[in-house]
1. Could you grab me the full set of residues in the range 500-515 that are surrounded by fewer than 21 Cβ atoms within 10 Å (Cβ to Cβ) and in contact (Cβ under 8 Å) with a residue 60 or more places away in the chain?
2. Mind listing whichever residues of the range 435-456 are of a type in the set (G, A, S), in contact with a helix residue (DSSP H, G or I) (Cβ under 7 Å, 6 or more places away or on another chain) and either over 15 Å from K405 (Cβ atoms) or not assigned by TED's automatic domain parsing to the domain that holds L296 (or both)?
3. Among the candidates R363, R381, which residue alone is surrounded by fewer than 23 Cβ atoms within 10 Å (Cβ to Cβ), out of contact with any Lys or Arg (no Cβ under 7 Å at 6 or more places or on another chain), assigned to a helix (DSSP H, G or I) and assigned by TED's automatic domain parsing to the domain that holds A508?
4. Looking at (1) more than 20 Å from A508 (Cβ to Cβ); (2) surrounded by 17 or more Cβ atoms within 10 Å (Cβ to Cβ); (3) within 21 Å of the chain's Cα centre (by Cα), can you tell me which one A464 breaks?
5. Conditions first: (1) farther than 24 Å from L525 by Cα; (2) without any contact (Cβ under 8 Å) to a residue 12 or more places away in the chain; (3) among the acidic types (D, E). D425 passes all but one, so which condition is the exception?
6. Give the residues of the range 306-337 that are loosely packed, with under 15 Cβ neighbours inside 10 Å and among the β-branched types (V, I, T), sorted by residue number.
7. Which count do you get for residues in the range 339-360 that are modelled with pLDDT under 70 and part of a loop (DSSP other than H, G, I, E, B)?
Amino acid sequence: MVELQGIGGAPGCAIGVAVVKNAGKTAPERRIIDDPAEEIERFHAARDTHMRRLESLYTETLDRLGEKEAGIFKAHQIILQDEYFFGQALERVTKERVAVDYAIEEEKRIAAAAFAEIDDEYLRERFSDIETVCHELICILNDHNNNFASIPQNAGGVILVAEELTPADTVRMDKDLLRGLLTEKGGSTSHTVILARALGIPAIVGVRDLSSQIKNGHTVILDGGTGQACVNPTRERLRNFKQTKLEEDRRRAGYEKAKREKAVTLDGRVVRVNVNTGDADSLRNFDKDVCDGVGLFRTEFLYMDHADYPTEEEQSAVYRDMAEKAGGKEVIIRTLDIGGDKQLGYMCLPEEDNPFLGYRAIRICLDRPAVFNAQLRAILRASVYGDVKIMFPMIVSLDEVRAAKAATKRAMDELRAEGIPFNKDIKQGIMIETPASVFISDQLARNVDFFSIGSNDLIQYVTASDRMNDKIQHIYDSCNVSVLRAIRIVADNAAKAGIPVGICGEVASEARLIPLWAALGIAELSVAPAFVGRVKYVLRRTSAAKTRQDLESLFDCESADEARALLDKILAGIID
């Protein structure tokens, strides 16, 4: 028996037979060729082949998982079309008269050195996409396979083991057999891990010396939550694992059952469980019977799908479609939240040293009234088809709220003058995602109809930590006491003003925090569709009043670990 420790990539427990991806051929050797033109033609044929494969993978992933995950293969297509990068390789073919696979490998090596100098670990990890595209292109040029060992006969399930896996490896594998992923390289933000999470496949990355400790055919158990794996476990270890897996399967069945039930706590508090949406795929697959509505409609995806600003008509049609699909349930539409990590070429946004603190979201909308007006008119026009609400992001002052509401009133006045119907009593709320909005939430609450706490940005800004930087992930922590206190302040001020407060972002579906949200009086949680069942399952087993008593000491905890331990203890008492 060999115990392994890595980084938990995608949660869940799995057992299966190891299928090892071999290291494959070594890097291409420097080979002199006679005809550079023929070699360049060979490159274009290989690139066309790879492009067709990527298009097929994109379509397959879009249908199965959605736009976000499929976008990984769209990004690979963009890299494959990079005329500068591959132009340098072809120039090397012409000048040095070397084989194109060697030339590509050399350009990849140069790029690797450049990326290694980048301080940001998340950006450094994006080199893996360039490496993957180059590797698969070289394989096509040399007619190599994926180099997977054969699957043993009668294998009930397999654990895919490799030094590194590509997103294509993950998607191509037979999902009826695939139970888990185990790799030596890769990080928690790699595209392979993102796909594994979406597919519900447990994954562990960053296991040192993996290839020397596991062989094809070995029995492997893994826990993607803890990052622990075991090769050829003893009977006792296997028995313990099977008990853990049995509990996990029981909970998953409970989540599935809870999806279509109301989220009502044991002491009668109703919490609306909404979904996040905004891309074409999630709109297509929206199911009003398993959620209470849309808690966050991200309109920026509509803008990102266009080469120019979407028209009022185009926007109104999309918003109306969503309102009608919701069947009378609420649809909270967030106004354009562009900037920061989301850029649009046609908007001509300035380059900034710190875009997350710069020209973004409501700041852009108020600065570009024509753009804002078109969106507000579109939302208002859709409001007659359902329970549509408007939400303004990135608020830091009461002046911004007043300016946004004034813009809404101007749009209403225009529509009224044109005889176009709209809901004159439409609810207008704001996102609480900055320390500034937390500190003045008492004033803000008296001027809006609802709050929605944008937890991802709130944690980032309260803890002054980039959520994409792996080096400071211990600081970007949902259990940081400063974050928990900030949310309590907002909830208390909303209650005093008599307005509802919701939460969107990752913490809305984090199991250990769900009882806390019920205890604080949070009225709505907006989550990814995959987590609706889990959130409802926990809420239906929670007593808000009892949890409030159990959590009296939470806000006095002196560390995130101490707070997490208390929350985990309460959760264990609820779901076990």
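1. A511
2. S437, S441, S455
3. Going through R363, R381 in turn, the sole match is R363.
4. (2)
5. (1)
6. T311
7. Within the range 339-360, residues that are modelled with pLDDT under 70 and part of a loop (DSSP other than H, G, I, E, B) number 4.
For every residue, the table says whether it meets (1) on the phi < 0 side of the Ramachandran plot; (2) assigned by TED's automatic domain parsing to the domain that holds M412; (3) over 20 Å from the mean Cα position of the chain (by Cα).
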| position | (1), (2), (3) |
| --- | --- |
| V290 | yes, yes, yes |
| F297 | yes, yes, no |
| A323 | yes, yes, yes |
| C348 | no, yes, yes |
| A370 | yes, yes, yes |
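The values are calculated or read from the model by the stated rules, or taken from the named source; none is laboratory data. Everything quoted here is computed from the prediction, not taken from an experiment. Please note: Cβ atoms are built from the backbone with ideal geometry, for glycine as well, and neighbour counts cover all protein chains shown.
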